[in-house]
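Notes follow the structure.
Every number here is computed from the coordinates shown, using simple stated rules; none is lab data. Not measured: the values here are computed from a predicted model. Every residue, glycine among them, receives a Cβ derived from its backbone with ideal geometry; neighbour counts consider all protein chains shown.
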Amino acid sequence: MSLANELFDGFPQQISTGGSTALVVEQKPGYFALHGEPLPREKAVLLFEPERIAVLQGSPSPPLAPTQAISPVYAPKGGESLAVPTGQLFIRFRQGATLSAHRAELEQAGYAIAQELDYAPEAAWLRARSGSIAGALDGVSRLRAIAAVERVEPQLLMQRVHR
């Protein structure tokens, strides 16, 4: 088993986003994402500066700095666009349900609210309480099982494509 396989063992092979127009992305062999500083900017295939994430080709080579983490890189089935999970999830409850009414259920599912949205009291950005990107992705089904949840979407960063 390769180092990348061992490091990415807790990550799903595929991630499905969206409802009726679902986008399915799958792990892209030969790439990994480095989250946190210092970023190897000169070696990056793709850089997300504000989020401090670099996409690199090859396999990760430890040791990592204490402020760094790695994740697999994903791509749409049959596509080349690279997608990187951030560890945040967007959740939206049905209209009339509020985030505050479901806070305990979110915590029981292993999540903390990263950002409440003033303009949408039924929605928020979440992070796994463990702080792990893999942990955030692993619990999506637990969040979707909460009765009033309308949608749960992992945040995936993708390169901007100009049309």
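With Cα atoms defining each centre, the stretch 33-50 and the stretch 104-163 are spaced 24 Å apart in the structure. Across the stretch 86-158, the relative contact order, built from alpha-carbon pairs under 8 Å that are at least six residues apart, equals 47 percent. Net length available on complete extension from Leu47 to Glu116 is 22.2 nm, with 0.36 nm assigned per residue and the Cα-Cα distance removed. Estimated from helices alone, the mean residue ellipticity of the chain at 222 nm is -3000 deg cm²/dmol (sum of -39500 (n - 2.57) over DSSP H runs with n ≥ 4, per residue).
Of the GluC sites (Glu not before Pro) found in the stretch 68-122, those that fall in a DSSP loop while having at most 10 other beta-carbon atoms within 10 Å are Glu80. Placing +1 on the Cβ of every Lys and Arg and -1 on the Cβ of every Asp and Glu, with no other charges, gives the stretch 86-158 a dipole of roughly 140 debye about its Cα centre. Dipole magnitude of the chain about its Cα centre, charges +1 at Lys/Arg Cβ and -1 at Asp/Glu Cβ only, in debye to the nearest 20? Computed about the Cα centre, the dipole is about 240 debye. The smallest convex shape that holds all Cα atoms of the stretch 86-158, its convex hull, gives 82 Å³ per residue. Pairs of Cα atoms nearer than 8 Å and 6+ residues apart set the relative contact order; for the chain it is 23 percent.
Net charge in the neighbourhood of Pro85 (other residues with Cβ under 13 Å of its Cβ; Lys, Arg +1, Asp, Glu -1) is -2. Binning the C-alpha pair distances of the chain at 10 Å intervals from 0 yields a P(r) profile of 10, 37, 34, 16, 2 %, listed from the shortest bin outward.
Can you give the translational diffusion coefficient of the stretch 22-64 in µm²/s, computed by Stokes-Einstein from the Kirkwood radius over Cα pairs at 37 °C and 0.692 mPa s? Translational diffusion coefficient: 292 µm²/s.
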